[in-house]
1. Please provide three numbers in whole Å: the alpha-carbon extents of segment 91-136 along the principal axes, with the largest listed first.
2. If the elastic network links every pair of Cα atoms under 10 Å, which of 95, 40, 80 fluctuates the most in the Gaussian network model of the chain?
3. Could you tell me the calculated FRET efficiency between residue 166 and residue 143, based on Cβ-Cβ distance and R0 = 35 angstrom, to the nearest 0.05?
4. Can you pull the Kirkwood radius for the chain, inverse mean 1/r over Cα pairs, to one decimal in Å?
5. May I ask you to sort 58, 205 by Cβ crowding, counting other Cβ atoms within 10 Å and putting the fewest first?
6. Give me Rg/Rg_expected for segment 2-99, where Rg uses Cα atoms only and Rg_expected = 2.2 N^0.38 Å with N residues.
7. Hey, what D do you get for segment 112-244 in µm²/s if you plug the Kirkwood alpha-carbon radius into Stokes-Einstein at 4 °C and 1.567 mPa s?
8. Measure nothing but the geometry: give the 0 to 90° angle between the long axis through the Cα atoms of 197-209 and the longest principal axis through the Cα atoms of the chain, rounded to 10°.
C-alpha cells in the first residue's frame, strides 16, 4: 500500500525540491528533506519519490510525492492532519490518497503542467519572490513565441546539462499565454521536461515579448545555430502547477 500526496510549497524557503551535492556537501533544506523529516516524526521511514524536480526558488501548487505506507496508517485524513501540523506554512498538504503498490509519482504521470507568472508592474518587496518582472511585455509577441515550442521536438539546446535522461526529445502538448488582471500567465503542458527546460523556453518568450529577439532565434537555437537564450528566466515566477495521471 502506498500514499500519493499532493503538496504545495513556497520555493523561496528551499534549495530546490531534492537534496543536491555541492562541493561534496549536501545542500539543505529542500522540500523533499523537510517532508521526509515530517514523515519520520509520525513513524514513517519510507523513501519518498517525487513527480518532478524543481530548482531553488521555483514554487509548487501540485507537486506529488509517493511512499510506502505502514500498516498502522490506514486512514489518510489523520495522517494529513498530523503532517499539516509539522509542515505548515512552508509546505501545504493538499490531498493524501491511498493508492496501489504499482503507483510511482514520476513514472505513472501522463503529463506535467507548469505556469509562469509575469507582471509589467514592478512587484513590491512582498511579492517579488513570487512573480517575474517584465516591464516591456507584449502579449501578442509572447503568444507567437510560446507557440513555437508546441509539438515533439529535440530540446537539447533548451536544457541544461547534468541530467541522466536517455533522450532530449520532449512533447509539448499545449503552450499559451493569457492575461488575468494585471498578471500574465504562461502555461506549458508536456509529457515531461528536461532540466531548466521551462525556464529556458520562458527566457525566449520574455526576450521576444520585449522586442529583444526574433522568432527565428528560437528555430536557430533548436538547430544549434545560435544560443541566444542561454540564461534561464528568473526562477521566482515559475510554478509546478499540476501532475496529471
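FYI, it's all coordinate maths here, none of it is from the lab. This is a predicted model, so every value here is computed, not measured. Cβ coordinates were reconstructed from backbone atoms using ideal geometry, including for glycine residues, and neighbour counts include every protein chain displayed.
1. On the principal axes, segment 91-136 reaches 48, 22, 10 Å in Cα extent.
2. Sorting by GNM fluctuation, first place goes to 40.
3. With R0 = 35 Å, the Cβ-Cβ based efficiency is 0.60.
4. Computed over Cα pairs of the chain, the Kirkwood hydrodynamic radius comes out at 19.0 Å.
5. Least crowded to most crowded, the residues run 58, 205.
6. Here the answer is 1.03, to two decimals.
7. 87 µm²/s
8. Helix 197-209 sits at roughly 30 degrees to that axis.
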